[in-house]
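The values are calculated or read from the model by the stated rules, or taken from the named source; none is laboratory data. All values derive from a computational prediction rather than experimental measurement. So basically every Cβ, Gly included, is an ideal-geometry build from the backbone, and we count neighbours across all protein chains shown.
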Amino acid sequence: MSFWNVDNLKAAMGGTWVARCAVESVIGLSTDSRTLKAGQAFLAIKGETFDGHAKVHEAAAAGAPLVVVDALGAVGGKLPDGVGVLKVGDTRRALLRLAAAYRKTLERTRVVAVCGSNGKTTTVRMLSAVLARGGESENRWRGTASPRSFNNEIGVPLTILSAMPGDQYLICEIGTNAPGEVATLAEVVQPDIALITSIGREHLERLGSVRGVAREEATVLEHVRPGGAGGAGIVTADSAELREVLPSLGSRPRAMITFGFDDSADVRVVEVRQSLGGVRFTLNDKAEFAMPILGRHNAANAAGVVAAARRLGMGDAEIAAGLAAVKGEAMRLEVVKAGGVCIINDAYNANPDSMRASLETFFEVAAEAKRRFVVLGDMLEMGSYSDEGHREVVESLRDRPVHGAVLVGKAMRGAAGALAGTNIEVTLVDDLDEKRAGEVAGKLRAGDAVLLKGSRRMRLERLLPAMKAPVAMH
């Protein structure tokens, strides 16, 4: 029986038929009626600002032979003849159950889970580029990786369900906002290798402390398959908090490999050189690699990728070719040229640790700029640590060669006093709307460099349209 047989889906999701399908099987599953392909089942997900149940008729019109719902009253109206309706207790839970069932069919697929406070998506891109170089030249490995930041209870199962039965690898990014989320997703992913990029001050509002973050991220290691291909935990050596919590885990992979800058790292970065063109780094075994993305911290992330790829049997020449071909993610240390100004767009998200790494990268690669500006937005979900964290970031600018600082948001504006008595030109902004973006852009001139860094909801990339025809360099 095909996995996508409708009765198999019913059993996997724990549903009951409201109306039987006219077809025996579907070709996959979608949660978005706008991108649904004819023949795919439609799963109605309810979010904070949307309800997929309102799109059931649209999905049926697009060719969905089956709709999965948890609230019949929200559907309304009669569906076309032959469209099946499967009712489940909770569509989010049903999606996780379906992905867990599908994961069991991927016995020959090497599955890697990527967790950590910072650098997950970039690490997924690096690992995907590297693993695509695996295998013989005429028969390269084929695989699937999380698109964008598909790292929550919807994105992770959709990533698993997008894998093909013959794939050699599957890379799943796992994120968290609260205790228990990593464990829930890792139980579904059942990784052969778990890679933890970093431990930092993320989501402290719910995770409480950096040690709480370490405990949460480390739970992925309890779900590494002992008999799978790889069977390893590959973790940053640069976190004392992670080292402290590892002994308390209920179980750990048979192999533990550490990476990073710390002297204790098994795969240790001993030298990093970077420019606007990217990063070159050397490991403790003399192996050298280069990649066209910025950030010394990304050299550490790449060391984790090297460790994972070696564990899966790849040679350094293949790994080097993959890293050299990696493409950076938009708004993650993305280099943009606009009106003669060099913009480092790192506006996707922020916490104090990623902010520090971004600032270090910016001042290193922009050393030759005529003037340097930073546009820093609030770091959200910081809880009681918010005031201290924002002041720490702003205060770090005192000893930097920065001409101007644009501080966006209530928390950043509240920390502005840390720059009192300096020669830094400080601009306070409530929201970087079109008018204020134009004012900030007006401060810049050819030869300047500017960094954009803040939490996602601050949307600091709104500065770009105010500049002249931004064109990405890479």
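So here's what we get for this one:
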{"item": "Close pairs from segment 353-367: first within 18 Å of Ser455 (Cα to Cα), partner assigned to a helix (DSSP H, G or I) and not charged (D, E, K, R), Cβ under 6 Å, at least 6 apart", "result": "Met355/Val393; Ala357/His297"}
{"item": "Number of the exception - Ala101 against (1) crowded, with 23+ Cβ neighbours inside 10 Å; (2) in contact (Cβ under 8 Å) with a residue 60 or more places away in the chain; (3) of a type outside the set (Val, Ile, Thr)", "result": "(1)"}
{"item": "Near pairs, Cβ below 6 angstrom, 6+ apart or cross-chain, from segment 158-172 (assigned by TED's automatic domain parsing to the domain that holds Thr123) to any residue that is in a loop (DSSP other than H, G, I, E, B) and surrounded by fewer than 17 Cβ atoms within 10 Å (Cβ to Cβ)", "result": "Asp167/Arg142; Gln168/Arg142"}
{"item": "Ser198, sole failed condition from (1) without any contact (Cβ under 8 Å) to a residue 60 or more places away in the chain; (2) small (Gly, Ala, Ser); (3) crowded, with 18+ Cβ neighbours inside 10 Å", "result": "(1)"}
{"item": "Enumeration of residues in segment 225-241 that are in a loop (DSSP other than H, G, I, E, B), within 22 Å of the chain's Cα centre (by Cα) and touching a residue at least 40 places away in the same chain (Cβ under 8 Å)", "result": "Asp238, Ser239"}
{"item": "Near pairs, Cβ below 8 angstrom, 6+ apart or cross-chain, from segment 369-388 (on the phi > 0 side of the Ramachandran plot) to any residue that is acidic (Asp, Glu) and outside any helix (DSSP H, G or I)", "result": "Glu381/Glu202"}
{"item": "Number of positions in segment 400-444 that are touching a Gly at 6+ places or on another chain (Cβ under 7 Å) and assigned to a helix (DSSP H, G or I)", "result": "1"}
{"item": "Flag if Ala317 is hydrophobic (A, V, I, L, M, F, W, C) and surrounded by fewer than 24 Cβ atoms within 10 Å (Cβ to Cβ)", "result": "yes"}
{"item": "Tally, over segment 117-146, of residues that are in a loop (DSSP other than H, G, I, E, B), closer than 28 Å to Glu48 by Cβ and more than 9 Å from the chain's Cα centre (by Cα)", "result": "1"}
{"item": "Check on Ser25, in contact (Cβ under 8 Å) with a residue 24 or more places away in the chain, farther than 14 Å from Val85 by Cβ and of a type in the set (Gly, Ala, Ser)", "result": "no"}
{"item": "Test: residue in segment 34-54 that is among the polar types (S, T, N, Q), part of a loop (DSSP other than H, G, I, E, B) and out of contact with any Ser or Thr (no Cβ under 6 Å at 6 or more places or on another chain)", "result": "yes"}
{"item": "Those strands (runs of 3 or more DSSP E) lying entirely in segment 250-303 with at least 3 residues without any contact (Cβ under 8 Å) to a residue 24 or more places away in the chain", "result": "267-275, 278-283"}
{"item": "Enumeration of residues in segment 1-31 that are crowded, with 18+ Cβ neighbours inside 10 Å and in a loop (DSSP other than H, G, I, E, B)", "result": "Trp4, Gly15, Cys21, Val26, Thr31"}
{"item": "Test result for Val188, in a helix (DSSP H, G or I) and either in the same structural domain as Gly383 (by TED's automatic domain parsing) or in contact with a strand residue (DSSP E or B) (Cβ under 8 Å, 6 or more places away or on another chain) (or both)", "result": "no"}
{"item": "Scope segment 116-131; condition hydrophobic (A, V, I, L, M, F, W, C) and either surrounded by fewer than 24 Cβ atoms within 10 Å (Cβ to Cβ) or in contact (Cβ under 8 Å) with a residue 60 or more places away in the chain (or both); matching residues", "result": "Met126, Leu127, Ala129, Val130, Leu131"}
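Yes or no, residue by residue, for (1) of a type in the set (Phe, Trp, Tyr); (2) assigned by TED's automatic domain parsing to the domain that holds Ile234; (3) surrounded by 24 or more Cβ atoms within 10 Å (Cβ to Cβ); (4) at pLDDT 95 or above:
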{"residue": "Val75", "(1), (2), (3), (4)": "no, no, no, no"}
{"residue": "Leu79", "(1), (2), (3), (4)": "no, no, no, no"}
{"residue": "Arg110", "(1), (2), (3), (4)": "no, yes, yes, yes"}
{"residue": "Val114", "(1), (2), (3), (4)": "no, yes, yes, yes"}
{"residue": "Arg133", "(1), (2), (3), (4)": "no, yes, no, no"}
